[in-house]
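Every number in this text was worked out from the coordinates using simple rules, so none of it is lab data. Worth saying up front: this structure is predicted, and the values here are computed from it rather than measured. Quick reminder, even Gly has a Cβ in these numbers, built from the backbone with ideal geometry, and neighbours come from all protein chains shown.
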Amino acid sequence: MKTALLLTLLLSTLSIAADGPLSIVETIGGDEGEVFLHNPSSLRFATDGTLFLLNAGECQVLHFDADWSLLNSFGRCGGGPAEFENAVGLVLVEDEVWVFEMARIVVFGNDGEYRRILKHENTYQAPDHLDGRLSVMIGTGDQPAAFLDDKGVIVDTFGPACPADFFEAFKSCRNMMVLPHDEGLCLMVNLVDGSALLIGDDGEPVWDRPLVERVDDSVIKESDDGAEVQMTLSFGMGRGCRDSHGRYWMAEIPVEEGAPMHIHVLDADLAPLVAPFALPDGVYTWEITESPDGRMVLVSSGESTIYICDVDPALPVP
């Protein structure tokens, strides 16, 4: 594991598509970059303009300044203090960095100093903030999403009821993302089947609309003696965001291997503002985030690459 990283920015004028609204201006990581990224995810911007990134494959948190110069790196692989493995995400809570494993939260200060471990009785996924409140997916019970307090304890739940069947519940209740919405509590997007639910202020669904239409080829296989179970999920969408103009950005996972990934830009009713546009060969993203300066940041965990993109000012605003 590298403890010191040298960051270089690879400048490019590559357009996402000839008729697309994005153009890549900086590329970080990848095979040709000197920064060592390994399964990056959970890019979070702090109020001071710096940013934190979970370098999950190295069990590290990377702290950058606003120009993507490395300030600090902290964390290591293991199960003890200041250690984590198989992290599912991170969030910033006041002056702290919370790194989520499924069964515990490892807490660091913004300076990278270890502070404490929070253990809980549930398994958390997809930590994020929703209108200033810390939210997670718990994926079980009557409602699959929850708000946490400052000790990592569930204080409220929301969302549709989970199916009784374990596999169906895993697909529909574990693998969701939560995005803000003006007409309700939030928009919940199922990353497996590509559907979206508007959740009202009472925590219950208001409407359900498809984002992509595709055949679900997710499978579960059990050995003859029932000792082993193999589960394969076919994801329809990557993690998106809602930008400062109220536009939703969603990445559609290609069905065929090697096919281009498409980006959808939608209004609050999930109507397209432009036609879905393809990323160029070799450019993928699992997570789309807007930076404080209005750029879109595409995080590719599989390719260990980050693309920073300018947005065409002519892109329609809802």
Exercise. Within the chain, how many lysine pairs that are 8 or more places apart, or on different chains, have C-alpha atoms less than 30 Å apart?
Worked result: 5
Problem set entry | the stretch 11-311, dipole about Cα centre (Lys/Arg Cβ +1, Asp/Glu Cβ -1), debye to the nearest 20 | 360 debye
Seminar exercise, completed: For L211, the residues 5 or more places away or on another chain with a placed amide H closer than 5 Å to its own amide H are S195, A196
Exercise. In debye to the nearest 20, how big a dipole does the stretch 194-284 give about its Cα centre with +1 on each Lys and Arg Cβ and -1 on each Asp and Glu Cβ?
Worked result: 500 debye
Problem set entry | Among R115, R104, R242, residue whose mean-square fluctuation peaks in a GNM of the chain (springs only between Cα atoms under 10 Å) | R115
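So for M102, M237, fewest C-beta neighbours within 10 Å to most, what's the order? Provide the component values of the computation, followed by the final result.
Values: M102 12, M237 23.
If I rank by nearby Cβ atoms, fewest first, I get M102, M237.
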Exercise. Label-point separation (nm) for D142 and V93, each offset 7 Å from Cα along Cα-to-Cβ?
Worked result: 2.5 nm
Problem set entry | Most positive-pole-ward Cα, F36, S23, G109, against dipole of the chain from beta carbon charges | G109
For this session: Classify the stretch 33-105 as rounded, prolate or oblate, taking a ≥ b ≥ c as the square roots of the eigenvalues of its Cα gyration tensor: rounded when a/c is under 1.5, otherwise prolate if a/b is larger than b/c and oblate if not.
Result: oblate
Problem set entry | Vicinal HN-Hα couplings computed from phi for the stretch 288-301 (Karplus, 6.51 cos²θ - 1.76 cosθ + 1.60; Hz; Gly/Pro x) | 10, 9, 8, 7, x, 8, x, 7, 9, 10, 9, 9, 10, 5
For this session: Could you tell me which of rounded, prolate or oblate describes the chain, using a ≥ b ≥ c as the square roots of the eigenvalues of the alpha-carbon gyration tensor, with rounded for a/c under 1.5 and, failing that, prolate when a/b is larger than b/c and oblate otherwise?
Result: rounded
Exercise. What is the Cα coordinate range of the stretch 140-193 on the first, second and third principal axes, sorted by size from largest, in whole angstrom?
Worked result: 31, 27, 15
Problem set entry | GNM result for the chain, Cα springs below 10 Å: residue of R76, R174, R239 fluctuating most strongly | R76
